[in-house]
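Just below is one structure, and these are the notes that go with it.
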Amino acid sequence: MNKERIMTILITGATGFIGKHLCLTLLQQGCQVQALTRSPASLTQLTGFLEHHGAPMQHFSVLEGDLDKAGLGLAALPNDIECLVHLAARFAWHLPRHTARATNVEGSLRVAELASQLGCRLVFISGFMLANTGYLSGLGINPDHSSHTNWDRVYRRTGGYEASKLESAFALRAYATQHRLKTVEVQPATVAGHSETGELEAGQPLYGLLDNLAHGRLAMIPGSAGHWLPLIPVDTLARAIAAACTDDNPPDTLLVLDRTTPNLKGLLQEAATALGTTAPRRHLPMGIMKALLSIPGLPGLLNVARESLDFIQTCRFDTSGTDLFLRLHGIEIPPFGRSLRASGQRYRLTLNPAPQAPRRN
Ligand SMILES: NC(=O)c1ccc[n+]([C@@H]2O[C@H](COP(=O)([O-])OP(=O)(O)OC[C@H]3O[C@@H](n4cnc5c(N)ncnc54)[C@H](OP(=O)(O)O)[C@@H]3O)[C@@H](O)[C@H]2O)c1
């Protein structure tokens, strides 16, 4: 039932942080991987990454496509795809609503149409906030009646990125029901670096947190002792997504987060130790922090976007179903401190690269 199968998998967002690690994992497991990409520069980085890690490149191919174009801008339909993984998204703060929707909602529906045309499984990536029912109801979203949602209000309250990811998840669920499409919705926590090498990219939210800590921009801890930011290492997440592709009968939803992530204070202490700096000790209530960040100029000065604070919550999650699925696939979430230390140490190296040996002429 849970054996790994050789199959052909198409991936959108293959050039992104999670996408690169997913391509590597699937290739290492013997799958054929097709990467849907729109940018030659990103593709060069992806192939460089895969080659550097010794991936079997004869099983890797590319399909040119763009979520923002009708029919994804595909010249022809790909052949023999058994599973489509949808990772691509505009992932940034301060996104205008129409820009965020164009890619994250309308583009996602184009990807679902493609999966439906190909008759294959769609594994799509939403986020762990979809499992936070209190947060959703605070935004006026009833998951059982999402068509009644006032999306204008959600966009105003959470910003373009998060609102479009929420809208996209509900739109994809509705499309799948209507078209009888087999889907797996993967809901990852905030993604940490690789659990051993600490590889983490500059655009990632955790990188921003480490950067602020390293530069002394984080004087106080946002929220209370109950607030936390659940993490998951990128390699564990990649293995979980790969299992969602290859398992014969995967669950409809996978909530992939490390329940042992400590509260934000503990996370910052662990990160500060890895960075060789000191962590803030005093809390600043979330309401005050958000109010401060609505003062023009302050988000830039503090290098914190108000919308990023929505991911720091007090809600705890039941991951027992996902944990069981991961165990069946032999996937263990590594000890929390290890991956955060690796991310912190790797970040430190980017600030102070190891000295090069002197060149001889
Ligand atoms: N990282 C996290 O902490 C986290 C947590 C929860 C959920 N997620 C979700 O996981 C997914 C991947 O995240 P990530 O961190 O890997 O993001 P990322 O590094 O920013 O990568 C985004 C990917 O989307 C592609 N893309 C953007 N617009 C596109 C378009 N119009 N057409 C085709 N491709 C397009 C990018 O391609 P280019 O190279 O061409 O720009 C890139 O490959 C996203 O859906 C995100 O919402 C991430």
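The values are calculated or read from the model by the stated rules, or taken from the named source; none is laboratory data. If you're wondering where the values come from, they're calculated on a predicted model, not measured in any experiment. Cβ sites come from the backbone with ideal geometry, for glycine too, and all protein chains shown count toward neighbours. All accessible areas refer to the heavy atoms of the entire protein, side chains included, with ligands and DNA or RNA removed. Shrake-Rupley method; radii C 1.70, N 1.55, O 1.52, S 1.80 Å.
Summary of values
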read-out	value
Cβ-isolated cysteines (cut-off 4.7 Å), the chain	C23, C31, C120, C315
Cα centre as origin, Lys/Arg/Asp/Glu Cβ charges: the chain dipole, Debye	1000 debye
For segment 284-327, accessible area per residue (1.4 Å probe, heavy atoms of protein chains only), Å²	53 Å²
Convex hull of Cα atoms in segment 278-336, direction-averaged projection (nm²)	6.5 nm²
C-alpha center-to-center spacing [segment 280-345, segment 190-269] in angstrom	7 Å
Protection-proxy order for peptides 245-257, 58-70, each taking the mean of Cβ atoms within 10 Å per residue, highest first	245-257, 58-70
Cα pair count fraction exceeding 35 Å, expressed as % - the chain	23 percent
Highest average packing first - 107-116, 322-331, Cβ atoms within 10 Å	107-116, 322-331
Dipole in debye (nearest 20) - segment 56-119, about Cα centre, beta carbon charges: Lys, Arg +1; Asp, Glu -1	340 debye
Segment 1-121, accessible area per residue, ligands and nucleic acids excluded (1.4 Å, Å²)	46 Å²
Cα-Cα P(r), segment 207-361, percent of pairs per 10 Å interval	9, 32, 30, 19, 7, 2, 0
Apportionment of accessible area to carbon and sulfur, the chain, percent (1.4 Å)	50 percent
Ellipsoid equivalent to segment 155-271 - semi-axes via the Cα gyration tensor, in Å	30, 19, 13
Percent of beta bridges antiparallel (DSSP, the chain, rounded to nearest 5)	5 percent
Interchain or long-range residues, amide H under 5 Å from T253's placed H	E185
